[in-house]
Structure formats: C-alpha cells, structure tokens
C-alpha cells in the first residue's frame, strides 16, 4: 500500500481537471488522425481515380481525332494538302503519350489507394486502442478520483471535529485500498 501526505483534496481536484483536459485533447487528436487518413483515402479513391479516368477519355478522343486528321493529310493528294503531315504526326504522338501517361497514373492511383488503406489500417490500430482505453478507463479514473476526494474530505472533517486528529488513530484514511495521510 502506498501512503500519500495529502492535506487537502485540492491536489486531486487539480489532477482531475488536468485528466479531463488530457482526455479531451487526446480524443480530439485521435479523431483528427482518423479524419486525415479518411480524407486522403477518399481523395485517392474518388477524386484522383475519377480525374485520371476523365483524362484517359479525353486523350483517347484526341488520339482518334488526330489520327483521322493525320490520315486525311497523308492520304490526300500532295497538291491538295496544305501540310506535309509532320505537325499532325507530332500532335498524334503527343496525344498517344499523354493517354499512356494518364493510364499509368490511374494504375498508380489504384496501387497507392490499396497501399494507403492497408498501411492506414495498421497505423490506426494503436489509435483505435487508445480511443478505446480513453473511452473506458477515463470515466473509471474520474470516478476513483471523486471517491478519493470524498474520502479525504470526510477524513478532514472528522479530524477537525475531533480536535485536530493528532491522537492515536495514526491520521490515516482508507480509500479503496490505498491510504492517504494528512
């Protein structure tokens, strides 16, 4: 058993206030972490996936149009065409590269989306454990502190009524298994 030399329940009250503040800040921080992870995974899954799918469609359409233009220029009579087809060929090759790049980015988004979800699950486990501990242990700790403060207050009242409590009782108050001295 541990002994505490507490002459006033104020120490426990101050500790209780600090515990409540810690509990609130810790829960807020844990919620913030979860929210940020959720935001990133949603951004990858929804926004980036949709963005690169749109880019692929855009460049596929551009490839079709530029291929038609290139074929029109290269297949027409060389006297009727106003261009040698070099510019059209460069534009077509660029569109093909951009489409391939968009396809690669979409694959990367899918890969990263899975990786983030997988890693986030592992990293959030300690956060979930902490949140569970705060949810269940903080109320118990606060109730225990309340009981201890009541015991100390009762002891101090009885000690004051009994002429200062300097007698043979040893000046100890029991509070759920631990002893506090005044």
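At-a-glance table
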| item | result |
| --- | --- |
| Positions within region 1-36 being at pLDDT below 90 and either part of a helix (DSSP H, G or I) or out of contact with any strand residue (DSSP E or B) (no Cβ under 8 Å at 6 or more places or on another chain) (or both), in sequence order | 7, 8, 9, 10, 11, 12 |
| From the options 93, 61, 47, residue that is within 25 Å of residue 31 (Cα to Cα) and either in a loop (DSSP other than H, G, I, E, B) or free of Cβ contacts under 8 Å to residues at least 12 places away in the same chain (or both) | 47 |
| Sole residue being within 30 Å of residue 139 (Cβ to Cβ) and surrounded by 12 or more Cβ atoms within 10 Å (Cβ to Cβ), chosen from 31, 91 | 31 |
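To keep it simple, each residue is scored yes or no on (1) modelled with pLDDT under 85; (2) out of contact with any strand residue (DSSP E or B) (no Cβ under 8 Å at 6 or more places or on another chain); (3) over 19 Å from residue 36 (Cα atoms).
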position	(1), (2), (3)
89	no, yes, yes
121	no, yes, no
124	no, yes, no
175	yes, yes, yes
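The values are calculated or read from the model by the stated rules, or taken from the named source; none is laboratory data. The model shown is predicted, which means the values in this text are computed figures rather than measured ones. Cβ sites come from the backbone with ideal geometry, for glycine too, and all protein chains shown count toward neighbours.
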